[in-house]
Amino acid sequence: GESRLDGGFRSFWLCLVIFSFVVGEYTCSIRMNSKVDNFVIVGRTSDGRTFRPSDWADRLCGIMSAFGADHRMTYSPYVRPACSLRGDKTVLVDARIHDIEPLAYNFLRNFAKDNDLQVELLPDDYFI
């Protein structure tokens, strides 16, 4: 007969396939139903409180970084930390990251939304 491990493994893969299908459909619907914009995530909540921890922008950009030819970690050219004129930590997001990895773009949008952070749209030619 079938062991409990075999049944659990089959259930795991079935869930993974269903999840992939749902996420794929979700990603496609986002792309078709909304414009992909350049934007900046500002380290202030919608009610004006400073977002913590203070190094959140570096941590978020670190997730999107990679090792370069010089064997050093470098920020993605599409996601980089910055600072506003008011002194707030920010993360600049180039919409072209969506063409490379839509899930990364959606992750960044959802990070801002889930943490109630201010998001400002940037002009289409901001990164050119």
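Values in this text are rule-based calculations from the coordinates and carry no lab data. Predicted model only: the values in this text are computed from it and were never measured. Glycine also receives a Cβ, built like all others from the backbone with ideal geometry; neighbour counts cover every protein chain displayed.
Assorted remarks:
- Residue in region 93-113 that is nearest to residue 47 (Cα to Cα), counting only those that are touching a Leu at 6+ places or on another chain (Cβ under 9 Å) and not in a loop (DSSP other than H, G, I, E, B): 111
- Residue in region 81-92 that is in a helix (DSSP H, G or I) and surrounded by 12 or more Cβ atoms within 10 Å (Cβ to Cβ) present: no
- Pairs, first in contact (Cβ under 8 Å) with a residue 60 or more places away in the chain in region 73-100, second crowded, with 18+ Cβ neighbours inside 10 Å and assigned to a helix (DSSP H, G or I), C-beta under 6 Å, six or more apart: 98/105
- Residue list for region 47-64, filter: among the hydroxyl-bearing types (Ser, Thr, Tyr) and either in contact with a Leu (Cβ under 9 Å, 6 or more places away or on another chain) or surrounded by 15 or more Cβ atoms within 10 Å (Cβ to Cβ) (or both): none
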